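Below: the structure, in structure tokens.
The values are calculated or read from the model by the stated rules, or taken from the named source; none is laboratory data. Remember, it's a predicted structure, so these values are computed and weren't measured experimentally. Here the Cβ is made from the backbone with ideal geometry for all residues, glycine too, and neighbour counts use every protein chain on show. Surface areas here come from the heavy atoms of the whole protein model, side chains and all, with no ligands, DNA or RNA. Shrake-Rupley method; radii C 1.70, N 1.55, O 1.52, S 1.80 Å.
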Amino acid sequence: MNDQAINMIAQAPPGSSLWRDAWHRLKRNRLALFGLAVLSFFILIALLTPWIAPYGYADQNLDLGASPPSAEHWLGTDVFGRDLLTQIMYGGRISLAVGFVATSVALLIGVTWGAIAGYVGGRVDAAMMRMVDILYALPFMIFIVLLMVVFGRNLILLFLAIGAVEWLTMARIMRSQVQTLRQQEFVEAAISIGLPASTIVRRHLIPNALGPIIVYTTLTIPSVMLLEAFLSFLGLGVQPPQTSWGLLISYGAETMEEYPWLLIFPGLALTLTLFSLNFLGDGLRDALDVRGAGD
Amino acid sequence: MWRFIGIRLLQAIPVIIAVVTVTFFLVRVAPGGPFDGEKAVMPEVKAALEAQYRLDQPMLQQYAAYMGDLARGDLGPSFKYPGRSVNELIAAGLPVTAELGLYALLVAVIIGGLAGVIASLKPNTAQDYIPMSAAMIGICMPSFLLGPILLLVFGIYLEWLPVSGWGDIPGDKILPAITLGSTYAAYIARLSRAGMLEVLNQDYIRTARAKGLPEWQIVVKHGLRGGMIPVVAFLGPAFAGVLAGSFVVETIFQIPGLGRFYVQAAFNRDYTMILGTTVFLSTLIVLFNLLSDILAAWMNPRLRAQFGKR
Amino acid sequence: MLQVENLSVSFHTRMGSTQAVDNVSFGVESGKITAIIGESGSGKSVACYSLLGLVPCPPGRIDSGTALFEGTDLLALSEHELRAIRGRDIAMVFQDPMTCLNPYMTIGKQLMEPLMYHQGVSTAQARTRALELMQEVGIRDPESTFDNFPHQFSGGMRQRVMIAMALINQPKLLIADEPTTALDVTIQAQILQLLADLQTRHDIGIIFISHDLSVVADIADDIIVMEKGRVVESGNRDAIFETPSHPYTQKLLAAIPTGHKDSAASTADPLLRVNNLCTWFGEGDKTVKAVDDVSFNILHGEVLGLVGESGSGKSTIGRSLLRLVPATSGTITFDDIEVTQLSARPMKDLRRRMQIIFQDPFASLNPRMTVHDTLAEPLLLHGIVNRKNVSQAILKLMDDVGLARDVARKYPHEFSGGQRQRIAIGRALATRPEFVVADEPVSALDVTIQAQILQLMLELGKEYGLTMLFISHDLAVVREVADRILVLYQGKIVEEARSEALFTDAKDAYTQRLLQAIPGRSLLTGIS
């Protein structure tokens, strides 16, 4: 009889979960799929760069100088005769790393902060969100510039500084999510069953709050990458010998009259990545039916 | 309403004080004094300089003195340009940056708002896709990339527009304004589209249709006000973004504005200049945020009424 | 005045096509109230909206039909021509007065708008006319409220504004789409009265769209019954109520709660004792006394009805009993256990014994959990069964609440409202509780489904030996299920009586008002 009951349930036709529905919707969105494909491709290349880059990172060919795209150097070379493709590949590692690491920092702080404020509520919530409000009013862009000027151009500091800005929105989204969900009757039902708070958070709150967080995370990565490129362009971000797309664009802009490819290809790499992330983010927003995140 | 403004103003004051304090101590604890870079400065000259800039006093005293100066609107002397005060330098750069920022915001609001509203009228048709794709390009094409490209195409290849300067040759303000405004035009387009779509799906729009009003009246009279509130609330952050963006745009187009001063000061480690500009810009941003908040709240009768009672 | 023939409307989206209105014909006479009745998805609103070009196309499409309004075919008119009729000859009133008025515009402006647009009168004239109408629809002190915004009005007053706005051009036909559904019972009665009065005074035709036969029982002249996009029956009011011919009409009539529960006075001991319960929200001068010094008992095995309008604090009482909201003061004693002061562990044990069923079956189920997981959660948590036997227990539970066995692995969004409510009931009964709070368990459901779920709850109540607190705004429903009834008004109990006594011999003025306001009062059995 037991086995029979288990079999009956196991053989019942499976329902379609919201995640599966979302995936089906995402699959129909060509732009989002394109974004996902391009992004995966770039990430793969970034991971494999040390092994697949056509030239060494520091290889120079001063005799060659800046040369347009050719069979040997697909994207041309810079003024020191360095292969541009190689430069872009190594630069991409830094740009993507900044994007993902700083976003993770923001995600970690923001989600924790927002979840606690939203779940505990009352005075704790008021105090925590008041702090977020005050930080929100600070002109952070200028602060980051200041920070980079004062403490030197340090990659770790860059991660932290950018992460420190972006977590605010994340905290707000997470808090409003948790607050909305907490008032939902299924959470009340879970309380009335007698579930401990930790299980309620794990089983009922987090899976339902995940959609907006995923969407907003996807949309935060491009804005973080932009911030890094912006700082690097001003000479306040990544420093040689390291490089990033922002830095390459900055060099390219200096010599664009004579060697336009030095501007165009790094610019293309950055723009394409930003496009992909934004398309994917918008696609996820539609697929997960998330309203209001990221706009 | 006045109470709302009062409360917001009171809230802005601690923010500004916090900005000044943090900036002040950040700059003071920075490794390397401002005159360390000069190799050939004699000790007594250096001491004299430090005395002039109050660097020989204890830090808290410096802070108190600085706050005192600030209260009188005095941002102190520049480290790098002896004899010139930060006030003078800001006064020189501000008009240019203000004009550039104003044009950029105008570009952003007019083009972005129009594109967003047009797109929202026929969602998921060409009328929606075309402006929204343009907006996506605007978001993914940052000013430091768009600037050089516009410069290359319209300035160098086509030779239609001047490549640098501000107010010297007719038309030299066009490219910088577009470059600086484009990103925000894109954001505003997306915001106003989302806002309008939200409003146009409301029941009261159906009521307006049932009254027999023509479509344009429905959009203008009943739709715009609610749909534009998010855009108005975004003006504050957009202003902050435009100011920061002016660092880049003024560098690219060699415009003698505040942004370029700031970047130069950063490289020169002109601490009083950095400090002064940061304080000035931050205050400006906080105030502008306040303004756009108040405006957005004022547009919502429910909020307006809530704070109307004294 | 209006003759609709062979109207078909369909919707086409990427998800597929649906025939919302299928070959519908009906007529509306001037000077009469014609009710169109149907449950959700019956196409009653779409049919009327399509006449005025208010169905968004695409995704909608009018496939065929004619609609002669005073000799003109509305469906053949251009948008431009139709616009001249909308709001002038045919006006509309919508369901939710909270969302149907523009929150950014003063109601005066909104009132004058149709008049000024259609008749081009001056602002001064429009203002005079608007003030007259405000007076007529019962808005007190029109002069001083003219420049107010909608949020400064209550729901009932907003609906009066909507009605004034619809009448301002003296239309010949008024289409009212569920105009009282979002309102409290007493307000509903006022608005129904107002509509009936205006109809006679202005001699206009009214189409009254509703899901609820009892609402139109007292005011409709003719009734059209729709089901799944088709008109299944139409006729005058008496014919429909007395000699319904179509089985669906009969089913709808049967679903109207009219009866009362036969119960003898119970002599059982109280299971639950509530003394001086207060539940307040907020602090200082913003304190809302949602529940204010309430005392009552619930006896073993009885169903206690708790009736009140929105804001009366009835849901808060239910939630306070289960400690879903903290009580501010007072005691709640369940089987000699003081609930308000209980520590975590005994509270968890107590939660097994008391459960809750919520109003909205869409919000009360975790969208990311299957039926199986939802039902397994309480069973496993309280160790009712072990993992090995859980499947079997779930199947038993699903049988009990009338769910097909093969839906165990489906997610909530794949079910209809009624089925979801069955899942929610199953979850509440999983732990075999002694006491259940049912918080408006059928108000979000269609009428026929409502009857089924009520039936199910009564049967299960008997089978499981439940004691129940049944919370509702609907006196007719409570009368069918409750042994005793508490009437709640602004956080206080104003009357407590045995069910039949309350209906025949109400003491409190507010209770009497509530009773008078019951829609379709004449249908209730056993009341003079």
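Relative to the isolated chain, which residues of segment C:359-408 have their accessible area cut by 30 Å² or more in the presence of all protein chains (1.4 Å probe, heavy atoms, no ligands or nucleic acids)?
Residues meeting the cut-off: C:ALA363, C:ASN366, C:PRO367, C:ARG368, C:GLU377, C:LEU381, C:LYS388, C:SER391, C:GLN392, C:LEU395, C:ARG405, C:ASP406.
For chain C, what does the helix formula give at 222 nm: sum of -39500 (n - 2.57) over DSSP H segments with n ≥ 4, over the residue count, nearest 500 deg cm²/dmol?
The helix-only estimate for chain C comes to -10500 deg cm²/dmol at 222 nm.
Inside 10 Å of the C-beta atoms of B:209-220, what's the mean count of C-beta atoms belonging to other chains?
6
For C:97-110, what's the mean count of beta carbons from other chains sitting within 10 Å of each residue's beta carbon?
Across the residues of C:97-110, the mean count of other-chain Cβ atoms within 10 Å is 5.
Once you charge only the Cβ atoms, +1 for Lys and Arg and -1 for Asp and Glu, what is the size of the charge dipole of chain C about its Cα centre, to the nearest 20 debye?
So the magnitude is around 1600 debye.
Could you pull out every one of the lysines with an alpha carbon less than 19 Å from that of B:LYS221, ignoring same-chain neighbours closer than 8 positions?
Result set, ordered by chain and number: B:LYS122, B:LYS211, C:LYS109.
Determine the distance separating the Cα centre of segment A:229-294 from the Cα centre of segment C:347-417; give it in Å without decimals.
50
Test of understanding: given chain C, find the longest segment containing no trypsin sites (Lys or Arg not before Pro) that are in a DSSP loop and have at most 13 other Cβ atoms within 10 Å.
Result, exposed sites excluded: C:141-506.
Tell me the per residue accessible area of chain A using a 1.4 Å probe; a whole number in Å² is fine.
I get 43 Å² per residue for chain A.
Cα gyration tensor of segment B:87-304, axes a ≥ b ≥ c as square roots of the eigenvalues: rounded (a/c below 1.5), prolate (a/b > b/c) or oblate?
Verdict is oblate for segment B:87-304.
Total Å² of accessible surface buried at the A-B contact, 1.4 Å probe, nearest 100?
Result for this pair: about 3700 Å² buried.
Could you point to the residue in B:ALA208, C:GLY417, A:SER16 farthest towards the positive end of the protein assembly as shown's charge dipole, with +1 and -1 charges on the Cβ of Lys/Arg and Asp/Glu respectively?
A:SER16
Which shape class applies to segment C:99-209: rounded if a/c is under 1.5, otherwise prolate when a/b exceeds b/c and oblate if not, where a ≥ b ≥ c are the square roots of the Cα gyration tensor eigenvalues?
It is oblate, given that a/c is not under 1.5 and a/b is not larger than b/c.
Under 1.5 on a/c is rounded, so check that first for chain A, then, if it is not, pick prolate when a/b is larger than b/c and oblate when it is not; a ≥ b ≥ c are the square roots of the alpha carbon gyration tensor eigenvalues.
Oblate is the answer for chain A, as a/c is 1.5 or above yet b/c matches or exceeds a/b.
How many angstrom lie between the Cα centre of segment C:212-271 and the Cα centre of segment A:147-224?
Here the two parts' Cα centres lie 50 Å apart.
Can you pull the percent of chain A's accessible area that's carbon plus sulfur, 1.4 Å probe, other chains left in place?
Summing carbon and sulfur atoms, their accessible area is 64 percent of the total for chain A.
Whose amide H sits under 5 Å from the amide H of C:TYR489, counting only residues 5 or more places off or on another chain, with H placed in the peptide plane?
Under 5 Å from the amide H of C:TYR489: C:VAL494.
Ignoring ligands, DNA and RNA, what accessible area per residue does segment C:102-169 give at 1.4 Å, in Å²?
That works out to 39 Å² for each residue.
Note down the magnitude of the dipole of chain B about its Cα centre, charges +1 on Lys and Arg C-beta and -1 on Asp and Glu C-beta and zero elsewhere, to the nearest 20 debye.
1480
Accessible area per residue of segment B:87-304 at 1.4 Å probe, in Å²?
Dividing the accessible area of segment B:87-304 by its residue count gives 37 Å².
Using a 1.4 Å probe and counting only protein heavy atoms, how much accessible surface gets buried when A and C come together, both sides summed, in Å² to the nearest 100?
Roughly 3400 Å².
When the C-alpha atoms of the protein assembly as shown are aligned to their principal axes, what extent does each axis show, in angstrom, from largest down?
Principal-axis extents of the protein assembly as shown (Cα, largest first): 109, 72, 65 Å.
If you average the C-alpha positions of segment C:314-328 and of segment C:1-67 separately, how far apart do those two centres end up, in angstrom?
44
Kindly identify residues of segment C:52-72 having a loss of at least 40 Å² in accessible area between the isolated chain and the assembly of all protein chains, probe radius 1.4 Å.
C:LEU54
Please compute how much accessible surface disappears when B pairs with C, both sides summed, using a 1.4 Å probe, and round it to the nearest 100 Å².
Summing both sides, the interface buries roughly 2100 Å².
Enter the mean number of other protein chain beta carbons within 10 Å of the beta carbon of each residue in A:128-140, as an integer.
Across A:128-140, the average partner-chain Cβ count within 10 Å equals 5.
Tell me the accessible surface of B:TRP298 in square angstrom (1.4 angstrom probe, heavy atoms of protein chains only), to the nearest ten.
120
Sequence-distant or interchain residues sharing an amide H contact under 5 Å with C:ILE356, placed H: which?
Result for C:ILE356 returns C:VAL437.
What part of the accessible area of segment B:64-131, given as a whole %, is carbon or sulfur when the probe is 1.4 angstrom?
Exposed carbon and sulfur together represent 71 percent of the surface.
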